Amino acid sequence: MTTNKLYILLLFIAAPLFMACSSDNDEGGDDSGVATQFAPSKESTTYFANGIDFGANSGEQTVTFTTNKRWTALSTEGWCTVTPGKGSADDGTMTIKVSENKSYESREAVVTLKTGELNNYITVRQGGAGTAKIHLDAPGTLEQQLGEDYGNIKELILTGELNGTDFKFLREHMLDLEGLDLSEARIVSGGDSYYFNGSEELYTETDKVTDYLLSFFQKPKV
């Protein structure tokens, strides 16, 4: 008789513990037996499908959705943040913010929105600032030092020494420049021919603005 009473008492003690563990292991924060439902709003559908694009300035974009589970959101990059970082099934709203991009290079982050067992992703892209100041460690290295995103540059400030290879690259690949500052740069001889005038190849000469050297750009600052 005493044994049966002890067994019943242990059951009463164990039952709350079992319920607590079951609740803690529920990833969605709701009934684990309920299928996860997730649907972005009409305005936010394109963000999940195509991502979000920002300019170089700081900015933000609100994303809304409906879900029947608790959710969390996390960005892969520090310059891109999500607030709030979590929410309940009744509050499907988060704001993605980006800080100012002072580099001329574009950058990318991925925001992961987890609802229950589902992961949903938003790619966040931010353009470069458009102004680059480059010091050439050696003549002929402009292309290598600019990197792959030189097409984003609108204002270019160059220091160091430039030869024919550098001016050839400027002439052939950077025709969309709106500003070019060479006031702290030096022209030196060497490198590739920067221009063919119809009869001969032209090369840079040290400390000289030779024919057609800057004809690709209307108003460079030299």
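The values are calculated or read from the model by the stated rules, or taken from the named source; none is laboratory data. The structure displayed is predicted, hence computed values, not measured ones. Reconstructed Cβ throughout: ideal geometry from the backbone, glycine too, with neighbour counts over all protein chains shown. The protein model used for the area step is the full one, side chains on, heavy atoms only, and it has no ligands, DNA or RNA in it. Shrake-Rupley method; radii C 1.70, N 1.55, O 1.52, S 1.80 Å.
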*Starting from the eigenvalues of the Cα gyration tensor, five times each then square-rooted, give me the equivalent ellipsoid semi-axes of region 112-222, largest first, whole Å.*
38, 14, 13
*What is the gain in length, in nm to one decimal, between Asp91 and Glu205 on full extension, counting 0.36 nm per residue of separation less the C-alpha to C-alpha distance?*
34.3 nm
*How large is log10 I(q)/I(0) at q = 0.14, 0.15, 0.30 Å⁻¹ when the Debye formula is applied to the Cα atoms of region 113-157, each weighted equally and without solvent?*
-0.51, -0.54, -1.11
*asked:* What three numbers, in Å, describe the spread of the alpha carbons of region 163-222 along their principal axes, ordered from the longest?
replied: 30, 22, 15
*Among Phe196, Leu146, Leu170, whose Cα lies farthest out toward the positive end of the dipole of region 108-196, if unit charges sit on the beta carbon of Lys, Arg (+1) and Asp, Glu (-1)?*
Leu146
_With bins 10 Å wide starting at 0, give me the P(r) of region 46-162 over every alpha carbon pair, in whole percents._
13, 36, 23, 15, 9, 3, 0
*If contacts are Cα pairs under 8 angstrom and at least 6 residues apart, what is the relative contact order of region 62-219 in percent?*
15 percent
*Additional length obtainable on full extension of the chain from Ala39 to Asp149, 0.36 nm per residue less Cα span*: 36.1 nm
_Order of exposure, largest accessible area first, which applies to Ser44, Ser199 with probe 1.4 Å_ = Ser199, Ser44
